[in-house]
Each structure stands twice: as structure tokens, then as C-alpha cells.
């Protein structure tokens, strides 16, 4: 029960970071090509990391496996979201 709650909190926080990173990327990225590249890189890395986490994590089955996948996908976005947050606080745009 507690594991499910912690997993749900991780998923919510990680997906919030991914939404924030995707939302702020256009503000801090020059050009459509660079924006597409950054988004594609985050997407591919997130999908790959989420897949590996969901298949390697032994206790994951059923809905937990989906939670682990989504958590892994979102965790890839955390560093980008943090960097974009710092840039926003400093007033650095493009």
C-alpha cells in the first residue's frame, strides 16, 4: 500500500517536471530546429529510460509497471526542468 502511494507521488512529480520542461523549452530555445531536437531527445531518452526501468524493476507488474514506466519517463525531464527553472529565475531567455 505504501509502495503504491510513493510510486504515485513519484509519477505525479516526474510528470509535472516533464510538463514544465516541455512548456518552458520554447522560451529558452532558439529556432524551431533546436526546439524539435531538444524535444525529440527528451522524448526518446524518456521512452528508453522508462522502458528499461519498467522491464528491469522486478516488483513491477500490471499497473505498477505502468507507474514505473511513467516515473522513469518523467525523471529524464527533471534535470531539464531544473535548468529551465534556474534560467527563468535569472531572467535568461534564448
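Please treat every number below as a calculation from the coordinates, not as lab data. Only a predicted model underlies this, so the values are computations on that prediction, with no experimental measurement involved. Note that we place each Cβ from the backbone using ideal geometry, even for glycine, and neighbour counts take in every protein chain shown.
Quick notes on this structure:
- Helix 32-56 and the long axis of the chain differ in direction by around 10°, with both axes built from C-alpha atoms.
- Helix-derived mean residue ellipticity, 222 nm - over the chain, DSSP H n ≥ 4, -39500 (n - 2.57), to 500: -30500 deg cm²/dmol
- In the range 45-94, the C-alpha radius of gyration followed by the widest Cα-Cα span (Dmax) gives 14.5, 44 angstrom.
- Nearest-ten-degree value, helix 2-28 long axis tilted from longest Cα axis of the chain: 20
- Angle in degrees between helix 63-90 and the longest Cα principal axis of the chain, rounded to the nearest 10: 20
- Protection proxy ranking, peptides 64-74, 33-43, average beta carbon neighbours within 10 Å, highest first: 64-74, 33-43
- Were the residues from residue 3 through residue 45 laid out at 0.36 nm apart, the gain over their Cα-Cα distance would be 12.6 nm.
- Considering the range 12-89, its Cα convex hull presents a mean projected area of 5.1 nm².
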